[in-house]
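Accompanying notes for the structure given below.
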Ligand SMILES: C[S@@+](CC[C@H](N)C(=O)[O-])C[C@H]1O[C@@H](n2cnc3c(N)ncnc32)[C@H](O)[C@@H]1O
């Protein structure tokens, strides 16, 4: 079984030997892969809906892992015991829902827990939330899967409230990452900002802020492309 690049990047951040939970598991590909690779002995696969959980159970059984991957019907982390969760993956959802799930589980404010987050939309709102809620984005990487660009964040609570600059909000540490995947991510973000700015009136604060971001991301893309010839093809 092979994971696509997006789930493979989530898996990369999971610590060996830790108890993992895949929130909103749907097909359970990630926990199945983690157990099969020996990264974790057992795992929890949870979902809020019966259909996806049945889908997960079917795939888990087909892989002979029903005794090692436990499925739980749960809204976010509501039914998950903190004792059963070291590394918590929340992937394939919008940022708003992810924030709601994190906020509803105050036990995540523990520096021994890790959050592995892969937002499908509004990643900038997730980064801002994490900065202001005392979560540190320890590492962030980008990938391209089915021609789409994604970012995955490895986070941990340390209680420090961080300033979230506009650049950080939109690109996190990917703005310092010269990989072709990070440059592609920034390119996609910048294209979205170029569309967004068309809705703003020139001279307004929103317009000026967005224009400055577009310029800065344009420079990053240009410099990255100059340094790394491989990235040019991607952009
Ligand atoms: C697009 S799928 C993502 C599946 C997988 N995590 C991935 O990234 O490939 C989103 C899943 O999240 C589940 N979901 C939505 N809201 C949820 C919530 N509040 N708690 C748990 N799961 C939820 C949905 O039922 C669905 O199965």
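Annotations for the structure displayed:
- Pick from the range 85-97, criterion more than 9 Å from the ligand (Cβ to nearest atom) and either surrounded by 16 or more Cβ atoms within 10 Å (Cβ to Cβ) or modelled with pLDDT under 95 (or both), ranking: farthest from residue 11 (Cα to Cα): 95
- Counting the residues of the range 128-144 that are touching a strand residue (DSSP E or B) at 6+ places or on another chain (Cβ under 7 Å) and buried (at least 19 other Cβ atoms within 10 Å of the Cβ) gives 7.
- Residue check, residue 53 touching a helix residue (DSSP H, G or I) at 6+ places or on another chain (Cβ under 6 Å) and in contact (Cβ under 8 Å) with a residue 24 or more places away in the chain: no
- Pairs with Cβ under 8 Å, 6+ apart, first in the range 65-83 and assigned by TED's automatic domain parsing to the domain that holds residue 55 and at positive phi, second more than 10 Å from the ligand (Cβ to nearest atom) and outside any helix (DSSP H, G or I): 76/105
- Taking the range 98-127 as the range and being closer than 25 Å to residue 188 by Cα and buried (at least 22 other Cβ atoms within 10 Å of the Cβ) as the test, the residues that pass are 98, 115, 116, 117, 118, 119, 123, 126, 127.
- The set of residues in the range 12-28 being within 11 Å of the ligand (Cβ to nearest atom) and surrounded by fewer than 23 Cβ atoms within 10 Å (Cβ to Cβ) consists of 24, 26, 27.
- Of all residues in the range 46-61, one or more are away from the ligand (no atom under 16 Å from the Cβ) and at pLDDT 95 or above.
- Output for the range 98-118, where each listed residue is within 12 Å of the ligand (Cβ to nearest atom) and either at pLDDT below 95 or in a loop (DSSP other than H, G, I, E, B) (or both): 104, 105
- Checked against (1) closer than 20 Å to residue 17 by Cα; (2) within 15 Å of the ligand (Cβ to nearest atom); (3) part of a loop (DSSP other than H, G, I, E, B), residue 65 passes all but condition (2).
The values are calculated or read from the model by the stated rules, or taken from the named source; none is laboratory data. Computed from a prediction, not measured in an experiment: that's the story for all the values here. Counting neighbours? That spans all protein chains shown, and the Cβs are built from the backbone with ideal geometry, glycine included.
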